[in-house]
Amino acid sequence: MNLNQLTTASPPFLDGMPRLISACFNDVDCMSESLKGWEVNCTQLTQGPFQGGLTFLDQGNLQIYQLQLQHAVQVMGAKPTNSLVFTLPLDSFRQTAYAYDIALTTDCIFGFDAHREVNHITHSQGANLGCITVSKALFQTYVTQSGRDDLDEVFMRRNVVVPEGSRFAPLVCYLQQLFWISQQQPDLVRTALATHLIEQDLLPLLINALKPAEDGAFLRPYPRADIVKDAQEFMEVNLQRPLTLANICQAVHASKRSLHYGFQDMFGMGPMAFLKVLRLHAIRRLLLSAEPQSLQVKEVACAWGFCSMGHFARDYKQLFGESPSQTLAR
């Protein structure tokens with residue numbers, strides 16, 4: 001692994017050239033739409049104007065992302081087809097985050113089970129994540145070259161692995177250097193040679209890191225993850241209906257206590273507060289897509305269960321950092 005090679009060698013001619021995008025976002029939906037090939041929705045969970053950054057290097061069969069968030073966000077949806085996705089923290093977790101039904105508390109690689117959709121909740125201080133998306137065929141080529149017969153379907157169903165530190169650190173260091181070069185000297189990674197070198201360096205590092213620590217360390221499923229998932233699905237199906245906490249508990253066969261602690265642990269808020277966040281996001285998407293002259297904010301708020309305009313406007317501005325009328329005007 002030597003990123004300095006990118007500055008010294010001359011690139012051969014190839015038809016396809018890598019694509020590099022680096023952008024900042026002040027809208028969580030715009031950020032999710034920029035993830036090409038993904039069908040995900042992002043829900044901002046903490047209050048204030050959204051701040052996010054994305055660096056994306058597209059090499060065809062290999063795509064590399066850096067996602068930087070200043071908020072707690074839930075990302076849900078479908079991964080790119082015919083690819084494997086490996087996600088890892090580029091900074092150590094300062095608080096517990098969640099991936100699928102696992103509480104992430106230490107350095108790990110997660111999300112590589114191709115049969116599960118994305119469901120990741122960052123912690124309240126945001127996230128700095130690296131994401132490697134590689135075609136199944138290309139990954140298998142490097143697995144075979146490495147003699148890693150253990151990286152089979154059974155391994156992939158684990159979905160989360162805690163690597164040995166000596167294997168994990170070189171992968172993180174390489175990604176950090178790559179993203180730094182991509183932002184500071186983008187022309188160096190927009191060459192056919194860079195595509196070839198990055199693939200040859202990065203994939204062996206990834207495969208080497210996909211070996212669990214010898215002490216057998218692993219992360220256990222969060223015991224209330226299932227009832228939280230069921231409750232969220234029930235909320236989303238009935239988002240415009242009047243719902244009480246008792247309705248939700250009855251639908252998912254859980255006690256108020258279990259539901260409260262589950263939502264508090266995973267989202268940093270109770271179930272009814274989370275329901276309000278989902279409704280505010282739905283209203284915001286409607287306001288952003290509407291013609292200002294054809295829509296009244298009050299009518300929309302009432303249709304989504306907000307009877308007090310004063311409380312609605314306050315909650316909306318606290319979450320998104322702007323008033324509903326400002327969103328509609330945009």
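When the criteria are applied in full, residue 179 fails the requirement of being assigned to a loop (DSSP other than H, G, I, E, B), aromatic (Phe, Trp, Tyr) and within 25 Å of residue 71 (Cβ to Cβ). Among the criteria (1) part of a helix (DSSP H, G or I); (2) in contact with an Asp or Glu (Cβ under 9 Å, 6 or more places away or on another chain), the one residue 254 does not fulfil is (1).
For the stretch 306-321, the criterion of being under 23 Å from residue 42 (Cβ atoms) and over 29 Å from the mean Cα position of the chain (by Cα) is satisfied by at least one residue.
Across the stretch 281-295, the number of residues qualifying as in a loop (DSSP other than H, G, I, E, B) and surrounded by 13 or more Cβ atoms within 10 Å (Cβ to Cβ) comes to 2. Could you check, for the stretch 83-90, whether at least one of its residues is part of a loop (DSSP other than H, G, I, E, B), polar (S, T, N, Q) and either more than 13 Å from the chain's Cα centre (by Cα) or assigned by TED's automatic domain parsing to the domain that holds residue 155 (or both)? Looking for residues that are part of a loop (DSSP other than H, G, I, E, B), polar (S, T, N, Q) and either more than 13 Å from the chain's Cα centre (by Cα) or assigned by TED's automatic domain parsing to the domain that holds residue 155 (or both), one finds none in the stretch 83-90, hence no. Of all the residues in the stretch 85-125, those that are in contact with a helix residue (DSSP H, G or I) (Cβ under 8 Å, 6 or more places away or on another chain) and among the hydroxyl-bearing types (Ser, Thr, Tyr) number 3. Taking the criterion of being assigned to a helix (DSSP H, G or I) and touching a residue at least 12 places away in the same chain (Cβ under 8 Å), would at least one residue in the stretch 127-137 satisfy it? Yes: the stretch 127-137 contains one or more residues that are assigned to a helix (DSSP H, G or I) and touching a residue at least 12 places away in the same chain (Cβ under 8 Å). Could you check, for the stretch 185-200, whether at least one of its residues is surrounded by 15 or more Cβ atoms within 10 Å (Cβ to Cβ), at pLDDT below 95, part of a loop (DSSP other than H, G, I, E, B) and in the same structural domain as residue 112 (by TED's automatic domain parsing)? Yes, there is a match, as at least one residue in the stretch 185-200 is surrounded by 15 or more Cβ atoms within 10 Å (Cβ to Cβ), at pLDDT below 95, part of a loop (DSSP other than H, G, I, E, B) and in the same structural domain as residue 112 (by TED's automatic domain parsing). Any chance the stretch 126-149 includes a residue that's touching a helix residue (DSSP H, G or I) at 6+ places or on another chain (Cβ under 9 Å), farther than 24 Å from residue 194 by Cβ and crowded, with 21+ Cβ neighbours inside 10 Å? Taking every residue of the stretch 126-149 in turn, none turns out to be touching a helix residue (DSSP H, G or I) at 6+ places or on another chain (Cβ under 9 Å), farther than 24 Å from residue 194 by Cβ and crowded, with 21+ Cβ neighbours inside 10 Å. Residue 149 fulfils the conditions (1) of a type outside the set (Lys, Arg); (2) more than 26 Å from residue 93 (Cβ to Cβ); (3) touching a residue at least 24 places away in the same chain (Cβ under 8 Å); (4) part of a loop (DSSP other than H, G, I, E, B) except for a single criterion, (3). Every condition in (1) under 21 Å from residue 110 (Cβ atoms); (2) assigned to a helix (DSSP H, G or I) holds for residue 219 except the one numbered (2).
The values are calculated or read from the model by the stated rules, or taken from the named source; none is laboratory data. The structure presented is a predicted model; accordingly, all values stated were derived computationally and were not measured. No Cβ is skipped: glycine too gets one built from the backbone with ideal geometry, and neighbour counts run over all protein chains shown.
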